Amino acid sequence: MEKDSILSTLKHYQVLAEKGDSDAMYKLGVYYQEEEGVEKDLDKSLSYLQSSAEQGNSDAIYHLAVMYAEGVVVEKDTTKALIYCKEAATLGNDIALFTLGVCYEKGVGVGKDIEKAIVYIKQSADLGNIKAMVYLGYLYQEGEITGRDIEQSVMYYKQAADAGDIDAMFSVAVLYEYWSPKAIDNALIYYCKAADKGHTKAMINLGGYYRERDDSERALKYYKKAAELGDDEAMFILGVFYEKNEEYDKALTYYKKSVGFGNIKSMVNLGNFYLKGLGVNQDFKQALIYYKKASKLGDPNAMMNLALCYVSGVGVERSINKALKYYKKREGINNERRIYI
């Protein structure tokens, strides 16, 4: 917003505030605290917000709750923050209702009460709060505190998706695909919606769908689109695709791009390329560099490759002790994974 336009808007709100308009007071309170192009005046901000809150403006009341919770302008006071949050929730403020629900779920500032938490979050969702819809979708999907209910999860994710939330579009598509195989057409609709809005994981899943149906052309289109948007997993998948087709130059390009984003699996595969001399001059030292980098980041395949290199003396001095070190490290990771399965 241009400076002249901001000042004009400010004057407009001041006129309305002088006439007792609580919404104008609230907006002035926010302007003097946060708006670029307006000279900050924290005393004025607090005064306007308090005046608006006294008239029952739920946005102003919730804003005061946040200020007391974070110690912004006022001294931090979690008790006051909760009082203001409850007051705003009572007045039907959807953000306050969601916040209060999460407080009861986590036991922040109040006794933990799952039933109350769900009631407040549902009320927020019913008022159109997209975060609340997504949160309920997640809670019912995971089922840790609500019991797993995929129908409820789909319902709330779908509400958020239809309201324009791209992560919800992806989540509802995943549920349609994996929990209701007969609803694959619905899954594709929401994957496409999310992909059209730039959701790279949706593009990857669409790529996987078409790859499973031997439609490489469509699969590659979605993988490449995701890769162009910087998704390292898509780059890795493309690397694997071109490696299997023995198009090693293309595979190397995508693996290297993926490594640039920190993709561990691509590090291991690049190590394999240098170890075997695929599309590059065979270079054991370079292979070890990639294996060690991936190993430090916890990849068990890199650890096994390093163990084998030390057993056979490939690129390094043969050392059974070092081989055992990497092998045991790998087994430790695999055992941890077994515990959590």
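Listing for the model above:
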{"quantity": "Residue that is nearest to M235 (Cα to Cα) [pool: residues in region 245-273 that are part of a helix (DSSP H, G or I) and charged (D, E, K, R)]", "calculated": "K257"}
{"quantity": "Set S45, S5: member being out of contact with any helix residue (DSSP H, G or I) (no Cβ under 8 Å at 6 or more places or on another chain), more than 25 Å from K106 (Cα to Cα) and hydroxyl-bearing (S, T, Y)", "calculated": "S5"}
{"quantity": "Residue count, region 276-308 (criterion: of a type in the set (D, E) and over 18 Å from A251 (Cβ atoms))", "calculated": "1"}
{"quantity": "Failed item in (1) under 25 Å from L288 (Cβ atoms); (2) buried (at least 23 other Cβ atoms within 10 Å of the Cβ), with Y190 passing the rest", "calculated": "(1)"}
{"quantity": "All positions within region 93-104 that are surrounded by 21 or more Cβ atoms within 10 Å (Cβ to Cβ) and either in a helix (DSSP H, G or I) or among the aliphatic types (A, V, I, L, M) (or both)", "calculated": "D94, I95, A96, L97, F98, T99, L100, G101, C103, Y104"}
{"quantity": "Scope region 112-149; condition touching a residue at least 12 places away in the same chain (Cβ under 8 Å), out of contact with any Leu (no Cβ under 9 Å at 6 or more places or on another chain) and not in a helix (DSSP H, G or I); matching residues", "calculated": "G128"}
{"quantity": "Residue check, S5 of a type in the set (S, T, Y) and exposed (fewer than 12 other Cβ atoms within 10 Å of the Cβ)", "calculated": "yes"}
{"quantity": "Checking K250 against (1) among the charged types (D, E, K, R); (2) touching a helix residue (DSSP H, G or I) at 6+ places or on another chain (Cβ under 6 Å); (3) in contact (Cβ under 8 Å) with a residue 24 or more places away in the chain, the condition it does not meet", "calculated": "(3)"}
{"quantity": "Any hit, region 144-151, residues being under 28 Å from D113 (Cβ atoms) and crowded, with 23+ Cβ neighbours inside 10 Å", "calculated": "no"}
{"quantity": "Any pair with Cβ under 6 angstrom, 6 or more apart, that starts in region 52-63 at a residue that is modelled with pLDDT of 95 or more and ends at one that is assigned to a loop (DSSP other than H, G, I, E, B)", "calculated": "S58/L91; S58/N93; Y62/N93"}
{"quantity": "Region 223-244 residues that are part of a helix (DSSP H, G or I), paired with ones that are surrounded by fewer than 19 Cβ atoms within 10 Å (Cβ to Cβ) and among the aliphatic types (A, V, I, L, M) (beta carbon under 8 Å, 6 or more apart)", "calculated": "L238/L220; F241/L220; E243/L278"}
{"quantity": "Within region 274-284, considering residues that are outside any loop (DSSP other than H, G, I, E, B) and under 37 Å from the mean Cα position of the chain (by Cα), the one surrounded by the fewest Cβ atoms within 10 Å (Cβ to Cβ)", "calculated": "L275"}
{"quantity": "Top-ranked residue of region 295-329 - restricted to ones that are among the aromatic types (F, W, Y) and out of contact with any Leu (no Cβ under 8 Å at 6 or more places or on another chain), ranked as modelled with the lowest pLDDT", "calculated": "Y327"}
{"quantity": "Residues (more than 26 Å from I184 (Cβ to Cβ), out of contact with any Gly (no Cβ under 7 Å at 6 or more places or on another chain) and either hydrophobic (A, V, I, L, M, F, W, C) or at pLDDT below 95 (or both)) located in region 209-260", "calculated": "M235, V259"}
{"quantity": "Neighbours by Cβ (under 6 Å, 6+ apart or cross-chain): first from region 269-289, modelled with pLDDT of 95 or more; second acidic (D, E)", "calculated": "Y274/D283"}
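The values are calculated or read from the model by the stated rules, or taken from the named source; none is laboratory data. Bear in mind that the values here come from a model prediction, so they are computed numbers and not experimental data. No Cβ is skipped: glycine too gets one built from the backbone with ideal geometry, and neighbour counts run over all protein chains shown.
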